[in-house]
Structure formats: structure tokens, C-alpha cells
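K.L.:
Please find one structure pasted underneath; my questions will follow.
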Amino acid sequence: MKVIYFIRHSKPGNCSFMFRNSNIQIKNEKRHLTKEGRKLAKKFFSDKEFDCIEEIYSSNYLRAYQIIF
């Protein structure tokens with residue numbers, strides 16, 4: 001049986017200085033996780049239930065990638 005998880009990104013930080021003049025969509029895509037957000041993600045994925053993940057699908061948001069890796 002295939003199990004699918006939908007996981008929302010954790011706590012986003014501020015947008016990088018490089019993207020301050022970009023439109024709102026670009027700013028949202030480039031926001032990174034806070035230190036607390038990374039800590040929460042690491043704790044969440046330390047569960048043994050996630051040891052055998054075969055495929056990962058993600059949005060193109062930076063913080064979504066940061067949760068995965």
C-alpha cells in the first residue's frame with residue numbers, strides 16, 4: 001500500500017536582500033526557514049516512519065526544499 005504525506009513548510013524567515021525588489025511571488029519562493037523552522041523539520045523527519053521514503057514531490061519554494069534536505 002502506498003502512503004502519501006502532505007507536509008507544509010515550517011517557519012519561514014525573511015526574504016534575502018537580493019530579492020527585496022522582486023514581486024511578491026518571487027519573494028515568497030525565496031524565503032528560507034528560520035533556525036527554529038529547521039529544528040522543527042529535523043525533529044519531525046527523525047521519526048522512523050520516514051526512513052523508507054521512495055519519492056518526494058515538492059513545490060519550488062526554497063523552504064520546501066530545506067525541509068526535505
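The values are calculated or read from the model by the stated rules, or taken from the named source; none is laboratory data. Values in this document were obtained by computation on a predicted structure and should not be read as measured data. FYI the Cβ positions are ideal-geometry reconstructions off the backbone, even for glycines, and counts take in every protein chain you see. Protein only, heavy atoms only, side chains kept; ligands, DNA and RNA dropped before computing areas. Shrake-Rupley method; radii C 1.70, N 1.55, O 1.52, S 1.80 Å.
K.L.:
When residues of the range 55-69 are filtered for being out of contact with any Lys or Arg (no Cβ under 9 Å at 6 or more places or on another chain) and of a type in the set (D, E, K, R), how many remain?
P.N.:
Residues that pass the stated criteria total 1.
K.L.:
Return the pairs, sorted by first residue and then second, in which the second residue is open to solvent by 100 Å² or more (accessible area, probe 1.4 Å), the first residue lies in the range 41-66 and is of a type in the set (S, T, N, Q), the beta carbons are less than 9 Å apart, and the residues are 6+ apart or on different chains.
P.N.:
Final answer for the pair search is Ser58/Tyr65; Ser59/Tyr65; Gln66/Arg38.
K.L.:
So which residues in the range 12-22 are open to solvent by 90 Å² or more (accessible area, probe 1.4 Å) and either modelled with pLDDT of 70 or more or of a type in the set (A, V, I, L, M) (or both)?
P.N.:
Of all residues in the range 12-22, those open to solvent by 90 Å² or more (accessible area, probe 1.4 Å) come to 14, 17-18, 20-21.
Scanning the range 12-22 gives a single hit, Met18.
K.L.:
Could we say that Arg31 is at pLDDT 70 or above, open to solvent by 100 Å² or more (accessible area, probe 1.4 Å) and not acidic (Asp, Glu) here? So that I can check it myself, show each step before the final result.
P.N.:
Values: at pLDDT 70 or above: yes; open to solvent by 100 Å² or more (accessible area, probe 1.4 Å): no; not acidic (Asp, Glu): yes.
No; evaluated as a whole, the condition is false for this residue.
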